[in-house]
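The values are calculated or read from the model by the stated rules, or taken from the named source; none is laboratory data. Everything quoted here is computed from the prediction, not taken from an experiment. Note that each Cβ is placed from the backbone with ideal geometry, even for glycine, and that neighbours are counted across all protein chains shown. Accessible surface is based on the protein model in full, side chains and every heavy atom, while ligands, DNA and RNA are left aside. Shrake-Rupley method; radii C 1.70, N 1.55, O 1.52, S 1.80 Å.
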Amino acid sequence: MEVRVFPDAYGAALYTATLVETTIRQLSSPVLGLATGGTMIPVYQHLVQFHRRGLRFEHVTTINLDEYIGLEPTDRHSYHAFMREHFFDHVDLPLDCRYIPSGATCDLTAACQAYDEILRAHPIDLQLLGIGVNGHIGFNEPADHLKPHTHVVELTEDTIRQNARFFDAEERVPTRAITMGLQSILFAKRIVLLAVGASKAQAVREAIIGDIRTTVPASLLQLHPQVTFVLDEAAAQQLP
């Protein structure tokens, strides 16, 4: 495990974006696992700027971690809309190479199985992750047992409360999501987790130096052979 600490969130996001750029430039058909949330917005802003200065995405495939259940892709709160607003609409990534789970289908079991087929067909070269204040990655919430494959999850109160800032009111936040499972995340060849802010410090500490346990899903990253935690000083403040 590698831990890189930067003075501020800007530097951490820029470094994360350069890791993505390196993967894109080094591989002929790179597959990126993408994440959403406020922490990732600066990363996508940097990648868009890189694109305007010559970085091409025409040979890239992207696979997103998760999506809310019950939101149409056109809903402004959906992760489909998030990705279009902050990244997809600004780069030359082919439409048929962008994968995001469907949370608007009536057959969620079939949707999960279909997404696992996509993951098997497109092994992820670099997986971007954020981390929740409760240690979740993707929408894999703390639990006695964690699902290995794509599945439906009931969101915890902590996660709903944290995500309420993106909605008009907390009661409008969906309570369920469809998410990539832990095994699929750990199958990525390289993982980069970006965390900024003091609110993430405890989760970061438990993920990096705590015991490996399902009640802190991010702690399972200790088992991965090539994972990098990219932190600002606030998120790293509880590390030795």
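A few notes on this one:
- The listed residues LEU95, LEU220, LEU47, once ranked by accessible area (1.4 Å probe) with the largest placed first, stand as LEU95, LEU220, LEU47.
- Residue-count net charge about MET1 - beta-carbon cut-off 14 Å; Lys, Arg +1, Asp, Glu -1: +1
- Between GLU85 and THR214, the simple label model (points 7 Å from Cα in the Cβ direction) yields a spacing of 3.5 nm.
- Simple rule: put +1 on each Lys or Arg Cβ and -1 on each Asp or Glu Cβ in segment 94-240, find the dipole, and look at ALA121, LEU182, VAL216; the Cα lying farthest toward the positive end is ALA121.
- Ordered from largest to smallest accessible area (heavy atoms of protein chains, 1.4 Å probe), the residues ASP107, ASP144 come out as ASP144, ASP107.
- Excluding ligands, DNA and RNA, the accessible surface per residue across segment 107-240 is 45 Å² with a 1.4 Å probe.
- Sequence-distant residues sharing a close amide H with GLY135 (under 5 Å, placed H): none
- Given their separation in residues at 0.36 nm each and the Cα-Cα distance between them, THR74 and ASP8 gain 20.4 nm when the chain is fully extended.
- Sulfur and carbon atoms: percent of accessible area, segment 61-219 [1.4 Å]: 50 percent
- For the pair PHE166 and GLU21, label points projected 7 Å from Cα toward Cβ lie 2.6 nm apart.
- Taking θ as phi - 60° and the Karplus parameters 6.51, -1.76 and 1.60, the scalar couplings of segment 133-138 work out to 5, 9, x, 6, 10, x Hz in sequence order, x denoting glycine and proline.
- At most 16 other Cβ within 10 Å, DSSP loop - trypsin sites (Lys or Arg not before Pro), segment 8-110: ARG53, ARG56, ARG76
- Qualifying chymotrypsin sites (Phe, Trp or Tyr not before Pro) for segment 143-229 [loop in DSSP, other Cβ within 10 Å: at most 16]: PHE167
- Value of [θ]222 nm, deg cm²/dmol, for the chain, DSSP H segments ≥ 4, -39500 (n - 2.57) each, nearest 500: -9000 deg cm²/dmol
- Here the contact order of the chain, divided by its residue count and restricted to Cα pairs under 8 Å and six or more residues apart, works out to 26 percent.
- Charge-dipole axis of segment 29-144 as Lys and Arg at +1 and Asp and Glu at -1 on Cβ define it, positive-most pick from HIS46, LEU93, PHE82: HIS46
- Net charge of Cβ neighbours under 9 Å - reference ASP92; Lys, Arg +1; Asp, Glu -1: 0
- Accessible area (Å², 1.4 Å probe, nearest 10) - THR61: 20 Å²
- Counting heavy atoms of the protein chains alone, HIS90 has an accessible area of about 80 Å² for a 1.4 Å probe.
- GluC sites (Glu not before Pro) within segment 1-107, DSSP loop, no more than 16 other Cβ atoms inside 10 Å: GLU58
- Solvent-accessible surface of protein heavy atoms, probed at 1.4 angstrom with all chains present, puts ILE209, ILE41 in the order ILE209, ILE41, largest first.
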